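Read through the structure below, which is laid out as structure tokens, and then see the notes.
The values are calculated or read from the model by the stated rules, or taken from the named source; none is laboratory data. Please read these numbers as outputs of a predicted model, since none were measured by experiment. Note that we place each Cβ from the backbone using ideal geometry, even for glycine, and neighbour counts take in every protein chain shown. Just the protein is used for accessible areas: all its heavy atoms, side chains included, with ligands, DNA and RNA removed. Shrake-Rupley method; radii C 1.70, N 1.55, O 1.52, S 1.80 Å.
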Amino acid sequence: VDSGRCLQHSKAKEELRGKTAERGYDGVWRRFRLWFLKRHPICVDCEAEGIVRAATEVHHVKKLKQFPELRLVEENCKPLCWPHHNIRTGKGE
């Protein structure tokens with residue numbers, strides 16, 4: 001996916017954020033994510049709008065950075081489609 005950044009700035013941003021596993025998105029997370037999306041297959045924001053769309057993202061209600069202990073807690077996660085996840089993330093949710 002083209003982020004609109006040149007390769008140098010894309011790499012610089014990645015270095016600042018850290019690798020995905022360093023941010024808590026490791027193999028355990030990937031298994032939890034698959035399990036969660038099977039249990040919650042519909043985007044909750046779409047559903048609230050009367051639309052049925054598959055959830056493809058798992059959104060942490062309480063941010064992983066501040067609450068790492070809630071990383072794998074089902075009640076701290078929302079199933080979202082990619083567009084709704086980007087909207088919420090863009091708002092800092």
In nm, the gap between the two label points placed 7 Å beyond Cα toward Cβ at residue 62 and residue 40 is 1.5 nm
Rounded to the nearest 10 Å², what accessible area does residue 67 have for a 1.4 Å probe in the complete protein model? 80 Å²
Efficiency of FRET between residue 54 and residue 91 - r from beta-carbon atoms, R0 22 angstrom, step 0.05: 0.50
Can you run phi through the Karplus equation (6.51, -1.76, 1.60; θ = phi - 60°) for region 43-52 and list ³J(HN,Hα) in whole Hz, with x for Gly and Pro? 5, 5, 6, 4, 4, 5, 8, x, 10, 10
